[in-house]
Amino acid sequence: MKYIFIVQGEGRGHLTQCMALEEILRKNGHEVVEILVGKSQSRQLPDFFMRSIQAPIRRFESPNFLPTASNKRNNILRSVGYNLLKVPTYLKSMRFIKERIRETQAEVVVNFYELLTGLTYALYHIKVPQICIGHQYLFLHKNFHLPEINKAEIQLLNIFSQLTCLGASKKLALSFTKMEDDNDHRICIVPPLLRKEVFSMQATTGNYIHGYMVNAGFAENVMAWHQRCPETELRFFWDRKGEKEVKVIDETLSFHPLDDKAFLKQMSGCKAYASTAGFESVCEAMYLGKPILMVPAHIEQDCNAQDAARSGAGIVSDDFDLDRLLRFAGQYKPNPSFRTWVNSAPYVILHALEPEPHDLPYLSGQVRMA
């Protein structure tokens, strides 16, 4: 079967999920004909993604969140205003998406939470089946308990999620834990999609704290804590535009550009992990048995953090309070059932991607199990 992927390029999680799913599909005899990735001026496509993907990659302009003046949490109102001004550009991107689906002769579109995909389906009434995948669809599940904070922002987030999946035949909700499917909303619960490199890592416990921040403004928090506790080594990765080399502050503090192999190597050997609560890296830390401090940068990550904390993964904070992380690490115990759930991902997700007869009457191929 021929798949085309359309991926939101914001952050790291959707990109690594895309990498993992391409590997699974290829191993099962399917073809990923092309990968379309949304781009913005504030983010660059990581080198590790370009190196790992086998299918041709094409870019298009896509809406994105803008950080606050301090480059920490995202500014919702500013982001809306900015993106409204770019509507003509986004209409051009939607025509591009439609044409790529047609020209590649894709039989299934897999949408990794890219807004313009849903809007393209609504505008052009595309007949090729669309399957959406992302942790955010879990927030639409009738039995998911949303945090009791920022209810207006949560409502906006869910409206955004619903727009991304307009025209979708199915939504695959990546979840930390097993849940019943929500058939009323066509939501299938599936395990996290982790890259193959995670499964080959041997976790050890070193003497440093590993970290990742999607907005580089959080570096100020990290550096302030480092000045108080210079004896604790910190190795942080950031998504800072233009940074290609490791920035060494001193012997015990360094900031690293995103790199898949280096990131996982540092993750596997750390004693604790601090993150802006992106779903993917939290899952990687949980799989490797690392205690986590989660510092959400926007409302979606607020939901991620609460869900992960309920699963026993870690604690939530407004800033990089590494003292709390170290105290939590002293009492943390990994959850073995999480690893079992993640290990089932290839089988569960392939089954969920299997086309329904009424959705694909013109196809003869079927998805095979691993």
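Nothing in this text is a laboratory measurement; each read-out follows from the coordinates by a stated rule. Here the structure is a predicted model, which is why all the values come from computation and not from measurement. In this analysis, Cβ positions are derived from the backbone assuming ideal geometry, glycine residues included, and neighbour counts consider all displayed protein chains.
Overview of values
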| quantity | calculated |
| --- | --- |
| Cβ-based net charge around GLN306, under 14 Å, with every Lys or Arg adding one and every Asp or Glu removing one | -4 |
| Out-of-range pairs (alpha-carbon distance over 20 Å; input LYS244/LYS265; LYS39/LYS92; LYS2/LYS98; LYS2/LYS170; LYS170/LYS196; LYS39/LYS86) | LYS170/LYS196 |
| Nonlocal amide H pairs with LYS170, under 5 Å, H built at 1.01 Å | CYS132 |
| Filtered trypsin sites (Lys or Arg not before Pro), segment 233-312: DSSP coil and at most 16 other beta carbons within 10 Å | LYS241, LYS244 |
| Cα-Cα pairs of segment 197-334 separated by more than 20 Å (percent) | 39 percent |
| Partner lysines for LYS151 [C-alpha distance under 17 Å; skip if fewer than 8 residues away on the same chain] | LYS142 |
| Relative contact order %, the chain, counting alpha carbon pairs below 8 Å whose residues are six or more apart | 16 percent |
| 0 to 90° range, to nearest 10: angle between helix 299-310 axis and the chain longest Cα axis | 70 degrees |
| Over the chain, volume per residue of the alpha carbon convex hull, in Å³ | 130 Å³ |
| GNM flexibility winner over the chain from ASP302, ASP184, ASP323 (Cα, springs under 10 Å) | ASP184 |
| Karplus-derived HN-Hα couplings along segment 87-100 (A = 6.51, B = -1.76, C = 1.60, θ = phi - 60°), whole Hz, x at Gly and Pro | 4, x, 5, 6, 5, 5, 5, 5, 5, 4, 4, 4, 5, 5 |
| The chain, helix-only ellipticity at 222 nm - DSSP H runs n ≥ 4, -39,500 (n - 2.57), divided by all residues, nearest 500 | -11500 deg cm²/dmol |
| Sequence ranges 88-95, 251-258, ranked by mean other-Cβ count within 10 angstrom, highest first | 251-258, 88-95 |
| Burial ranking of peptide ranges 207-214, 154-161 (average Cβ count within 10 Å, highest at the top) | 207-214, 154-161 |
